[in-house]
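Take a look at the structure set out below.
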There are 2 protein chains.
Amino acid sequence: MSTALTVEEAWAGLPATAQRLLVAGLETFGENGYHGTSTRAIAQRAGMSPAALYMHFPTKEDLLFEIARTGHEVHFARVRAAADAAGPDPSARVAAIVEASVLFHAEHHSLARTIQYEHPSLAPDHQRALLKIRRDTESFLADAVTEGVASGAFAPDDAPTAALALMSLAIDVARWYPSQRRRSPTQIATSYTHLALRLLRP
Amino acid sequence: MSTALTVEEAWAGLPATAQRLLVAGLETFGENGYHGTSTRAIAQRAGMSPAALYMHFPTKEDLLFEIARTGHEVHFARVRAAADAAGPDPSARVAAIVEASVLFHAEHHSLARTIQYEHPSLAPDHQRALLKIRRDTESFLADAVTEGVASGAFAPDDAPTAALALMSLAIDVARWYPSQRRRSPTQIATSYTHLALRLLRP
DNA sequence: CCTACCGATCGGTAGG
DNA sequence: CCTACCGATCGGTAGG
């Protein structure tokens, strides 16, 4: 169970060369996609020979999985940490979750794109493992929304659908950021958090 | 200027073989991505030899551009048609736009994924051409939201930001559809339209 | 962890 | 629009 709040932290125990390959992979996958990135390009970016990658990862797909898995776990850990810090009030909890998720997708948009769009490039077993983390993350948000419904703070037609929509809002930031208007991740997170509460209010 | 409401309609004037290649490309790009799709796979799906593609398109990238360009135009045309049919009321117009866009991204999720996620695979010139259509589409929605602000029907903090968020909601459907719960495109469109109006109301 | 190399496949073309 | 082919590059391995 990972509670690391950054990928660097999550990979801290690995050999330095493996860490460099993971970071190089994360960046190139985010820029050119999995199939648009060669193992040679990753190795070169990490300052190593083409064969070095296979010292640490059995296949290119295993490297992608390690990146995607860690990314999913870091995202979930940040969302939980933000909710914990927000205390018991449902509005504060939902606001903290949306803010943390939007921040993650803006600040780490290269990692986030890999997480969100390279899912079909993974082996079925690996897809299933990540789907579990996704569902847990979405349930965590849906539970916070449901608490708000119980307390009378929120009144969406359907809590799970509203939670899915809020996740969509955060996830899609990774697609367009930073091409849109000149706004910082913090500014985007603030306005999206506000939109989320507007959407949920009675 | 294209007013076609389907890609088939937009490509009706092209040779039958070119049409088959475009449809095969649209499907395979949507399933495996641009770099995950070989020109041979496209030609085979269209029932032709590997070289046939180059009778109709100078390069693989030109085929992608033709698909992405048509997809953008069809989406914009549907959004405009829906707004026109909705009449002058801002709430009805925004609802019609969101509904049409969500429907498009669910029913044509393979095309929509290509449009939204393969943008970086295109040449800079081609990216610019599509960016123009995207901006026009987003402005069209932003204008409808602004009309609603003027009439008192809506009260978002910032109309362009709200419009961007509504587009995100629709676009992200292409990422997860149809993996989520068993709901039809029409059902999804209806609940997302409702969420959009909740988000905008004073 | 590197050099050297494998067979397979890639985008694209020659020539008909 | 097909057959046959081009050089380049791919993921991955042998052997040290």
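Data table
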| item | result |
| --- | --- |
| Pairs with Cβ under 8 Å, 6+ apart, first in the stretch A:76-99 and in contact (Cβ under 8 Å) with a residue 60 or more places away in the chain, second among the basic types (K, R) and open to solvent by less than 50 Å² (accessible area, probe 1.4 Å) | A:A83/A:R93 |
| Checking B:G152 against (1) surrounded by fewer than 18 Cβ atoms within 10 Å (Cβ to Cβ); (2) under 30 Å from A:G33 (Cα atoms), the condition it does not meet | (2) |
| Residue that is nearest to the other protein chains (Cβ to nearest Cβ), among those in the stretch A:34-79 that are under 13 Å from A:E118 (Cα atoms) and touching an Asp or Glu at 6+ places or on another chain (Cβ under 7 Å) | A:Y34 |
| Flag if B:A81 is surrounded by fewer than 20 Cβ atoms within 10 Å (Cβ to Cβ), small (G, A, S) and either within 30 Å of B:A144 (Cβ to Cβ) or modelled with pLDDT under 95 (or both) | yes |
| Complete set of residues in the stretch A:31-40 that are crowded, with 16+ Cβ neighbours inside 10 Å, away from DNA strand C (no atom under 12 Å from the Cβ) and without any contact (Cβ under 8 Å) to a residue 40 or more places away in the chain | A:T37 |
| Failed condition for B:S139, given (1) in contact with a Pro (Cβ under 7 Å, 6 or more places away or on another chain); (2) over 26 Å from B:S184 (Cβ atoms); (3) surrounded by fewer than 23 Cβ atoms within 10 Å (Cβ to Cβ) | (1) |
| Residue check, A:L122 at pLDDT 95 or above, surrounded by fewer than 18 Cβ atoms within 10 Å (Cβ to Cβ) and within 17 Å of the chain's Cα centre (by Cα) | no |
| For B:T28: the one exception among (1) β-branched (V, I, T); (2) open to solvent by 20 Å² or more (accessible area, probe 1.4 Å); (3) over 16 Å from the mean Cα position of the chain (by Cα) | (2) |
| Residues satisfying the stated conditions in the stretch A:135-163, i.e. closer than 18 Å to B:L169 by Cβ, within 12 Å of chain B (Cβ to nearest Cβ) and in contact (Cβ under 8 Å) with a residue 40 or more places away in the chain | A:F154, A:P156 |
| Options B:L53, B:L64; residue that is more than 13 Å from DNA strand D (Cβ to nearest atom) and buried (at least 19 other Cβ atoms within 10 Å of the Cβ) | B:L64 |
| Filtered residue count, the stretch A:176-202, keeping only those that are within 18 Å of B:E138 (Cβ to Cβ) and either without any contact (Cβ under 8 Å) to a residue 40 or more places away in the chain or open to solvent by 60 Å² or more (accessible area, probe 1.4 Å) (or both) | 9 |
| Members of the stretch B:84-99 found to be over 20 Å from the mean Cα position of the chain (by Cα) and open to solvent by 50 Å² or more (accessible area, probe 1.4 Å), listed by number | B:P88, B:D89 |
| Contacts under 7 angstrom Cβ, first residue in the stretch A:164-175 being under 20 Å from A:Q187 (Cβ atoms), partner of a type in the set (V, I, T) and modelled with pLDDT of 95 or more, 6 or more apart | A:L166/A:V98; A:A170/A:V98; A:A170/A:V102; A:D172/B:I171; A:V173/A:V102; A:V173/A:I188 |
| Close pairs from the stretch A:109-134: first more than 12 Å from chain B (Cβ to nearest Cβ), partner surrounded by 18 or more Cβ atoms within 10 Å (Cβ to Cβ) and of a type in the set (D, E), Cβ under 7 Å, at least 6 apart | A:I133/A:E73 |
| Checklist (1) within 14 Å of the chain's Cα centre (by Cα); (2) facing chain B (nearest Cβ under 9 Å); (3) under 20 Å from B:P160 (Cβ atoms) applied to A:A174, failing item | (2) |
| Condition met for A:S179 (at the interface with chain B (Cβ under 10 Å from one of its Cβ atoms), out of contact with any Ser or Thr (no Cβ under 8 Å at 6 or more places or on another chain) and among the polar types (S, T, N, Q)) | yes |
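The values are calculated or read from the model by the stated rules, or taken from the named source; none is laboratory data. Quick caveat: nothing in here was measured; it's all calculated off a predicted structure. Here the Cβ is made from the backbone with ideal geometry for all residues, glycine too, and neighbour counts use every protein chain on show. The accessibility values were calculated without ligands, DNA or RNA, using every heavy atom of the protein model including side chains. Shrake-Rupley method; radii C 1.70, N 1.55, O 1.52, S 1.80 Å.
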